[in-house]
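K.L.:
Right, I'll just put the structure down here and ask away after.
The values are calculated or read from the model by the stated rules, or taken from the named source; none is laboratory data. All values reported here derive from a predicted model rather than from experimental measurement. Because the Cβ atoms are built from the backbone with ideal geometry, glycine has one as well, and the counts that use them run over all protein chains shown. Heavy atoms of the whole protein, side chains included, go into the accessibility calculation; ligands, DNA and RNA do not. Shrake-Rupley method; radii C 1.70, N 1.55, O 1.52, S 1.80 Å.
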Amino acid sequence: MPFDRRVWQESCTLRDAGWEVHVICPKGATIDTEAEVEIDGIKIHRYPLKAATGGPLGYLREYSSALLHTYRLARKLGPVDVVHACNPPDLLFLVAGRLKRQGARFVYDQHDLVPELYLSRFGRGQDFLYRAVRWLERRTYRSADVVISTNGSYRDIALSRGGKQPDEVFVVRSAPSVDRFYQVEPDESIKRGKPHLLCYLGVMGPQDGVDYALRALASLRDDLGRDDWHAVFVGAGDTFEAMVALSRELGLSDRVEFTGRIPDEELMRYLSTADVCLAPDPLNPLNDVSTMNKIMEYMAMGRPVVSFDLHEAKVSAGDAAVYAPANDEAEFAKLVARLLDDPEERLRMGEIGRARVSGPLSWERSKAALLSAYEAVLLLMA
């Protein structure tokens, strides 16, 4: 925090509604490193955390450390009225349980479906660890007084798998603030002398599909004979170095640039210059039912999107994106090429996306749903 845009927007909304907001979260690696800071009236308490690498044991170490630090900092805060926990991991019900014994209510803000995340990330099937994360999810649902879901698919799972009642589950979509995403003058130097710029924005983990995007770009060059583009990948994650290495293996080093995490001002420059934005998340149990922040942010910037055919991607983007058959890198490349050749279609799709983010998918609507969830909590506290 405040890098996590969703949680920052939620915190600001609650602050404006009269709540005193404290946030417990990890420190950043290079920025957001202060242990204690107050920003715009929101008090942030940060702890050191080494991100997971490798297999499930790496996540066990990361999550155990996060849980202990969260518990330590929560004890320092004293009595609270509401504990609002964002997963993963589905372990924070343990901290919430202690606060509930002191009179707090528990809002479970489900950012990820951890069982589906486990299946998608590790490919180990429904083994003992899968059954363990399902059990933790059930315990979290059971402990929660109110559940916040990021989309309709997650809400359906909260009602069915989680056993929650309809009046206990609220959909608060992740929606970028259109005021925060704004056009600036395109910077032609970013294109490195090429006519077109392709852009990826987001986390780089095993399930995020950066490898699919790189192979699609190799197909764009080799199979379609296109050398009229430069691509920029903005973001970081535990596969960042592996993706840089893959770009070298594919011979893309001269046309693919990895920036790492960058300030918002620089991000606006890249997105304002981009001709086509990439959402290469492959079809898997998690991605098909998850809302991709990158797609929402591309639309906020009025940029056309190429995505794989995922259920929630289509719910979010509609006609602001074109969709390749699931995990088909060659077709993904063909769609990129098609959009590069059709500036009028790019403009039309960008306008559709901007209108969706400003209207039916806006944060203003999500803000109303968040406040409705807290009204339900207040009724329980009365």
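K.L.:
Return a yes/no flag: does region 92-99 have any residue that is closer than 25 Å to G209 by Cα and among the small types (G, A, S).
P.N.:
Filtering region 92-99 for residues closer than 25 Å to G209 by Cα gives none.
Within region 92-99, none of the residues are closer than 25 Å to G209 by Cα and among the small types (G, A, S).
K.L.:
Follow-up. I need the full set of residues from region 249-274 which are part of a loop (DSSP other than H, G, I, E, B) and open to solvent by 20 Å² or more (accessible area, probe 1.4 Å), in order please. If you could, list the steps in order and put the result at the bottom.
P.N.:
Initially, region 249-274 is screened for residues part of a loop (DSSP other than H, G, I, E, B), giving 250-255, 261-263, 274.
If the condition is that a residue be part of a loop (DSSP other than H, G, I, E, B) and open to solvent by 20 Å² or more (accessible area, probe 1.4 Å), then L250, G251, S253, D254, R255, R261, I262, P263 are the ones that fit.
K.L.:
When you look at R105, is it over 25 Å from D281 (Cα atoms), at pLDDT 90 or above and open to solvent by 50 Å² or more (accessible area, probe 1.4 Å), yes or no? Walk me through how you get there before you give the answer.
P.N.:
Numbers: over 25 Å from D281 (Cα atoms): yes; at pLDDT 90 or above: yes; open to solvent by 50 Å² or more (accessible area, probe 1.4 Å): yes.
Against the criterion (over 25 Å from D281 (Cα atoms), at pLDDT 90 or above and open to solvent by 50 Å² or more (accessible area, probe 1.4 Å)), R105 qualifies.
K.L.:
Cβ-Cβ under 7 Å, sequence separation 6+ or interchain: first residue in region 121-140 and within 20 Å of L67 (Cβ to Cβ) and touching a residue at least 24 places away in the same chain (Cβ under 8 Å), partner charged (D, E, K, R) and assigned to a loop (DSSP other than H, G, I, E, B). Which pairs?
P.N.:
These pairs meet every condition: V133/D90; L136/D90; E137/D90; T140/D90.
K.L.:
Read through the list (1) in contact (Cβ under 8 Å) with a residue 12 or more places away in the chain; (2) under 22 Å from the mean Cα position of the chain (by Cα); (3) open to solvent by 50 Å² or more (accessible area, probe 1.4 Å), then give the number of the only condition that L60 fails.
P.N.:
Every condition holds for L60 apart from (1).
K.L.:
Across region 64-123, which residue is nearest to R139 (Cα to Cα) among those that are small (G, A, S) and outside any helix (DSSP H, G or I)? Talk me through it step by step, then tell me what you get.
P.N.:
Here is the first cut: in region 64-123, the ones small (G, A, S) are 64-66, 74, 78, 85, 96-97, 103-104, 120, 123.
With outside any helix (DSSP H, G or I) added as a condition, the list becomes 78, 85, 103-104, 123.
Details: G78: 24, A85: 14, G103: 19, A104: 17, G123: 24 Å.
So, considering only residues that are small (G, A, S) and outside any helix (DSSP H, G or I), the one nearest to R139 (Cα to Cα) is A85.
K.L.:
Would you confirm, using the coordinates I've provided, whether R138 is outside any helix (DSSP H, G or I) and open to solvent by 50 Å² or more (accessible area, probe 1.4 Å)? Break it down stepwise before answering.
P.N.:
Details: outside any helix (DSSP H, G or I): no; open to solvent by 50 Å² or more (accessible area, probe 1.4 Å): yes.
Spelling it out, it is not the case that R138 is outside any helix (DSSP H, G or I) and open to solvent by 50 Å² or more (accessible area, probe 1.4 Å).
K.L.:
Any residue that is part of a helix (DSSP H, G or I), closer than 25 Å to P263 by Cα and open to solvent by less than 10 Å² (accessible area, probe 1.4 Å) - is there at least one of those in region 183-191?
P.N.:
First, the residues of region 183-191 that are part of a helix (DSSP H, G or I): 188-191.
Checking which are closer than 25 Å to P263 by Cα leaves us with 188-191.
Still in the running and open to solvent by less than 10 Å² (accessible area, probe 1.4 Å): 190.
Yes; the residues of region 183-191 include at least one that is part of a helix (DSSP H, G or I), closer than 25 Å to P263 by Cα and open to solvent by less than 10 Å² (accessible area, probe 1.4 Å).
K.L.:
Oh, and also: Tell me which residues, restricted to region 7-39, are open to solvent by less than 50 Å² (accessible area, probe 1.4 Å), in a loop (DSSP other than H, G, I, E, B) and more than 18 Å from K367 (Cα to Cα).
P.N.:
G28, D32, A35
K.L.:
Let me ask something additional. For region 340-382, name all the residues that are touching a strand residue (DSSP E or B) at 6+ places or on another chain (Cβ under 8 Å), surrounded by 14 or more Cβ atoms within 10 Å (Cβ to Cβ), over 19 Å from A274 (Cβ atoms) and of a type in the set (A, V, I, L, M, F, W, C).
P.N.:
Matches in region 340-382: A369, L370, A373, A376, V377.
K.L.:
A further question follows. Kindly evaluate C86 against the criterion of being touching a residue at least 40 places away in the same chain (Cβ under 8 Å), under 29 Å from L380 (Cα atoms) and within 24 Å of the chain's Cα centre (by Cα).
P.N.:
Criteria met by C86.
Per-residue answers, yes or no, for (1) assigned to a loop (DSSP other than H, G, I, E, B); (2) open to solvent by 10 Å² or more (accessible area, probe 1.4 Å):
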| position | (1), (2) |
| --- | --- |
| Y212 | no, yes |
| S219 | no, yes |
| L224 | yes, yes |
| A231 | no, no |
| G237 | yes, yes |
| E241 | no, yes |
| V244 | no, yes |
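K.L.:
Checking the conditions here, which among R124, R75 is open to solvent by 40 Å² or more (accessible area, probe 1.4 Å), more than 21 Å from K27 (Cα to Cα) and either touching a Ser or Thr at 6+ places or on another chain (Cβ under 6 Å) or among the basic types (K, R) (or both)? Quick ask: steps written out before the conclusion?
P.N.:
Details: R75 fails: more than 21 Å from K27 (Cα to Cα).
Just a single option satisfies the conditions, and that option is R124.
K.L.:
Take the residues in region 348-363 that are in contact (Cβ under 8 Å) with a residue 12 or more places away in the chain and out of contact with any Pro (no Cβ under 8 Å at 6 or more places or on another chain), then tell me which one is nearest to L286 (Cα to Cα). Write out each step before concluding.
P.N.:
Here is the first cut: in region 348-363, the residues in contact (Cβ under 8 Å) with a residue 12 or more places away in the chain are 349-354, 356-358, 361-363.
Filter once more, so that each one left must be out of contact with any Pro (no Cβ under 8 Å at 6 or more places or on another chain): 351-352, 354, 356, 358, 361-362.
Numbers: E351: 29, I352: 26, R354: 26, R356: 24, S358: 26, L361: 21, S362: 23 Å.
Step by step, filter region 348-363, then rank; the result is L361.
K.L.:
What pairs can you find where one residue is in region 309-337 and more than 26 Å from A175 (Cα to Cα) and touching a residue at least 24 places away in the same chain (Cβ under 8 Å), the other is of a type in the set (F, W, Y) and assigned to a helix (DSSP H, G or I), and their Cβ atoms are less than 7 Å apart, with a gap of 6+ or different chains?
P.N.:
The qualifying pairs are E329/Y212.
K.L.:
Mind checking which residues of region 202-230 are touching a Phe, Trp or Tyr at 6+ places or on another chain (Cβ under 7 Å) and within 30 Å of G359 (Cα to Cα)?
P.N.:
Passing the criteria: M204, V210, A213.
K.L.:
Could you pull out the residue among G302, G350 that is of a type outside the set (D, E) and under 19 Å from the mean Cα position of the chain (by Cα)? If you could, list the steps in order and put the result at the bottom.
P.N.:
Values: G350 fails: under 19 Å from the mean Cα position of the chain (by Cα).
So the residue among G302, G350 that is of a type outside the set (D, E) and under 19 Å from the mean Cα position of the chain (by Cα) is G302.
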